[in-house]
Every structure is written in structure tokens, then in C-alpha cells.
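Only one structure is covered here, and it is reproduced in the block below.
The values are calculated or read from the model by the stated rules, or taken from the named source; none is laboratory data. Owing to the predicted nature of the structure, the values given are computational and were not obtained by experimental measurement. Neighbour counts run over all protein chains shown; Cβ positions are idealised from the backbone, glycine included. With ligands, DNA and RNA removed, areas are computed over all heavy atoms of the protein, side chains included. Shrake-Rupley method; radii C 1.70, N 1.55, O 1.52, S 1.80 Å.
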Amino acid sequence: MEGFGLPMSFGKKAKAASSTFKSKVESSKRSEPAPPPPVISKSSESQEPGPSKLPAGPAKQEEDDDDIGPLPPTTSEVGAGTGAKRKADKEADEDGSDDESEYSDEEEIDRTPVTHEIVLKDHTKVLSALAIDPSGARVATGSHDYDTKIWDFGGMDSRLRPFKSFEANGNYHVHDLSYSHDGHKLLVISGTLQPKVYTKDGEEGVEYNKGDVYLRDMKNTNGHTAEINGGSFHPTDKTQFLTCSNDSTLRIWDVENKRKQKQVIVVRSKERGARTKVTSCAWSWDGKMIAGACFDGTLHIWNTSSNFARPNYSNENAHTKNTETTGIAFARDGFRVVTRGGDDTVKLWDIRSIRKPVAVATGLDNLYPETNIIFSPDERSILTGIAAPKGQKGALVFLNSEDLKEERRITVGDGSVVRVAWHSRINQIFASLSTGALHVLYNPHSSIRGALLPLSKMPKTAPRDPSFSSADLKPVIYTPDALPMFKDQGHRESLHQKEKKAKKMKPMEPVRGAGRGGRLGASEMQGFVQTLFPSELQFEDPREALLKYAEKTDKDEEDE
């Protein structure tokens, strides 16, 4: 009936919900979108830039940088070249006004991915570790519930569930995760002494060695002797990764050698015992520098071409002593470094004059030792999460990368924002929360793949007409074998299948003639059985049998 366009029922019907991809995207729109940043127009050139816009400058330069695609033809090009070119230029000149209006509309769109979101919720405790593979197709998450989960956007359905979940190191919190630059390896850092490297599918990989806790000199140990706090793969070399630990060392490992680290960096502290905890570490974008922040408030930076005996750049009062500096990030220029302190501050440094920070932002609450900090893909903004008391909502903060002034604050879910990542290829922001949820923020106008892939696989939401169902066409039979007419007609068996089935039900026949295959023949078997059991069974009274032996005993005594 429905195929012929006829009504399936009478009366008022429920309005069918739209099941198009556009409606699904609209359903994921944030209820309280953040206000867009100030837009740079041609008339006002002195407005402050937003995190996704260019700084104020000449209007011509703004047009060149903001416009996407080829520019509309200019009047100087009209009339130049051959007749065909003149005709094409004339048509383009006629549509010039339409093109300008289109480009002006594009300039007004905020391309920062914060307008829509999807929520990936499978962890039960703080989501403390986050890693995205270089292609943006997979996300790895770790939590205080001891589980590491891998999510695949391309294979995810409407349930938004991970395809792999495993415990990396038993009942230990997961502190950090990192993908190799080719995306084939996953580094898992838990609260143990040994880092682990898994395959991209989460299969068991290599567990690296731990050091001898009885050795005093950390350079002579073949691994860490205390809990590991963080780690990351080399940005360009898939065979190396870096770890930092509470044993006052940073170690560079070779993926192929699990028995011993490749290089040891010992951090000397002015505190008692000359040791401290290295709470966070990071590579520079080109892998030529390593930074480490310590529990005593110091910040050290080494060149990888040096012998690591002493840091090349150091600040002993970078953050408050006895607080954990939870995050470090390098800018692509190789000079700027930003740190996230446990003293609720964010500081921007220039390694050429590292004795004093370039800018300081205060009042940014930090409760978790895994809270990180990142640069935006265009490096005009710095992103970090803000902690919130239980029951309240945390926030994601955008800071200006020049003076650390707050540009935007976005409320994300319930709980504190711990980890933040912004993938440049798919243009999506990932924010992990203390509730175990992962919020994926995107913009349908500027983001690609990622969170948009599972949205295209969402089930249709059109309501079903209750007056029409498959039960009306084919009634359900609850006693199918009650009558022969209701029995299911199975496929007909061939003669060979029937013989094969009959052979399975037939008992094994005795061997005739001489035995073979370890079995006795019929003639030999018959004689063997007769020796075991007499042919005629004699039934005898047990009392008479006992009295017979008694009479024999009395006779023997008389003879004696």
C-alpha cells in the first residue's frame, strides 16, 4: 500500500521527523554556543582579532589571507588575451557582484569548531589521557578507571562506542597516551615503572624494562625506578619516544630495544637530595629540543644534539615550588614555550630570555596532574581547560598567544576540563572531562570527517505508524509443529546426504575374518569371550556352598 502512495491508516498522524544529514547536524548543535569573535570588516580595521581570525592590518592583506579559493577577476584583465578569454572575462565581470557577496558571507562565518558537538561517553572516572592519530580517524582515551579505549570514527555507529577496550597495566591510572607520527604505534603511560607500546588496534606490544631501585646513580639503571608521569613519541621519528618520571630523570627510548633506554637525562635539583619529580615533558615540533618541568618549580630545556649533562636553557622559579607543572607546549617558531602550572597560572616563555616570562595568566583553576595546554593550529591562540567544583561546569579557555589575554571561554559539559586537543587536519577540538566524557567540538562549515562520520550513520528518526506492522501481513504462529500444514518446508536432501546421515546413526559393525586396524576378528573374538564367560551359568544356593566347605574342614580335623 505504501509503495503505491496510498494511506496506511485513517485519522490524524504524527508528523514524521526529518532524517536527513542536515537535521542530524542541527540536533548536535550546542545549546549555548559561545559568542563569535569580533569580525574584521573592511570599514573597521582596528578591531581585536579572535582565535580563528587574522590580526588587524591593511585591508588588502586581510582579503588575501581570509579569502578561500581563486579571487574574482579584476577589471584590468578584461579585454586582455584572445577573444575566448575576453568572453570569459566579460561573464565573470557580470557575476562579480554575486561573488563579492558570497565572499563577504564567508568572512562573517566563525570557523572556530565550537558550534556543534558530540559526546563519547564510555569511561566511568576521570578521562586523564587523550591521543589522536595523525589522520584524525582514531582517538585513544585513558582514564582513572584503568581502561584504555580506542575509538574509530569511520566504524562507529549511532551508539558511539569504542571498538577496543583494554587494561594496559592492571589497576593503575592511565597518565598519558601518544601516537607515533605514522599512526601505527600507541604509547601508553600508566602509574607504573614500565612504559608500553601497543599497535594501532590495541594489540599487546612491547613492555620496556624497569631499572634497579637499589642503584643510586640513575645513569646506570636500565629503566625508570619510580612512577612515570608522562611521555610522547618523537614528532618525526617513529622509532623514538620520551618519558619522564618521579626518579628525577627523562629517558629517550628506542622502540626496537626494550631492555635499555637509548639516552638518560638526569635532572639535578637544589632541593635536599639533589632529586626532584619530573612532572611533564615535551618535544619541540622539529624534535631538536626537549623540555621538562619539575616539582620544585624549575623549567629545563635541552638541545637533542648536546650530551644532556646540563640543560641549555633553565629557569629555577618558573612556577611555585611543590606544585605540579602539568603541561608544556612548544610553538612552531622554536622560541616560544607555554607552561600550565599547578599554581593556577599559565606562563609564556621565550627561550632567548627565559629568566622572565613574556606573559602570565592567573586564576585558571587546575586540579588534575594531567591537565595539558596546547597551541591552536594557527598559533594565534593557546587553549587549556579549567577545573570546576563537583556539580558545576568546567570551561575551555582561549588565550591570546602574544599576551595571554582571555579571548573566549566556552562551557563544556559537567565537570572539569582535563585534556584538550585541536586536530588541524579535521579542524575539531577534543575536550576530556572529569566525568569520563569526551566532547568533540566541530563546525559543519569548516570541519571535515571526524565527528561528522558517525552522524551520517545515525538511525532514521521517523515514527512508525502503529496501525501497520508486519504482524498484519503475516500472523505469528506460536505452535508451528502442531499441524503438518504449519511445519517449515526444509530443503530436499539428496540421496548422498541421506546415506551419509544414515551412516552416522548406524552402529559399528564387527570385523569379519582376520582382525585389522588393531581390532580382533569375529572368530578370535568369540573364543576370547567364551574364556571369560561360561556358556551355561550355574545357579547355586549360597548356604549349600558354605556348608560344603564346612564339611570339608571337619573331615580334615578328624584325619589329624
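Of all the residues in the stretch 175-202, those that are charged (D, E, K, R), more than 14 Å from the chain's Cα centre (by Cα) and open to solvent by 60 Å² or more (accessible area, probe 1.4 Å) number 0. When Arg340, Arg352 are screened for being among the basic types (Lys, Arg) and surrounded by 21 or more Cβ atoms within 10 Å (Cβ to Cβ), only Arg340 passes.
Which residues, counting only those in the stretch 335-372, are touching a Phe, Trp or Tyr at 6+ places or on another chain (Cβ under 8 Å) and either in a loop (DSSP other than H, G, I, E, B) or more than 17 Å from His300 (Cβ to Cβ) (or both)? Step through it out loud before you land on a result.
Applying the first criterion (touching a Phe, Trp or Tyr at 6+ places or on another chain (Cβ under 8 Å)) to the stretch 335-372 yields 336-339, 350-352, 354, 357-358.
The answer is Ile354, Pro357, Val358.
Have a look at Asp176, Asp212, Asp145 and point out the one that is closer than 29 Å to Thr323 by Cα, in contact (Cβ under 8 Å) with a residue 60 or more places away in the chain and outside any strand (DSSP E or B). Spell out how you get there, then give the answer.
Details: Asp176 fails: outside any strand (DSSP E or B); Asp212 fails: in contact (Cβ under 8 Å) with a residue 60 or more places away in the chain.
Unique residue meeting the criteria: Asp145.
Criterion applied to Arg408, Arg425, Arg419 was being part of a strand (DSSP E or B), open to solvent by 20 Å² or more (accessible area, probe 1.4 Å) and not β-branched (Val, Ile, Thr), and the one residue passing it is Arg419.
To keep it simple, each residue is scored yes or no on (1) farther than 20 Å from Arg419 by Cα; (2) open to solvent by less than 20 Å² (accessible area, probe 1.4 Å).
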site	(1), (2)
Lys258	yes, no
Ala282	no, yes
Gly297	yes, yes
Val346	no, yes
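Residues in the stretch 185-209 that are of a type in the set (S, T, N, Q), without any contact (Cβ under 8 Å) to a residue 40 or more places away in the chain and part of a loop (DSSP other than H, G, I, E, B): Thr192, Gln194. If Val264 passes every condition in (1) part of a strand (DSSP E or B); (2) under 26 Å from the mean Cα position of the chain (by Cα) but one, which one does it miss? Every listed condition holds for Val264 apart from (2). Across the stretch 203-224, the qualifying residues are those that are basic (Lys, Arg) and more than 21 Å from Thr239 (Cα to Cα), and the one among them that is nearest to the chain's Cα centre (by Cα) is Lys219. Of all the listed residues (Leu473, Leu453, Leu483), the sole one being open to solvent by less than 70 Å² (accessible area, probe 1.4 Å) and either modelled with pLDDT under 75 or under 24 Å from Lys22 (Cα atoms) (or both) is Leu453. For the stretch 273-321, taking the residues that are in contact (Cβ under 8 Å) with a residue 40 or more places away in the chain and among the acidic types (Asp, Glu), the one that is farthest from Thr249 (Cα to Cα) is identified as Asp286.
Summed over the stretch 321-335, residues that are touching a Ser or Thr at 6+ places or on another chain (Cβ under 8 Å) and open to solvent by 40 Å² or more (accessible area, probe 1.4 Å) total 1.
Is it the case that some residue within the stretch 373-396 is surrounded by 23 or more Cβ atoms within 10 Å (Cβ to Cβ), outside any strand (DSSP E or B) and in contact (Cβ under 8 Å) with a residue 12 or more places away in the chain? No: zero hits.
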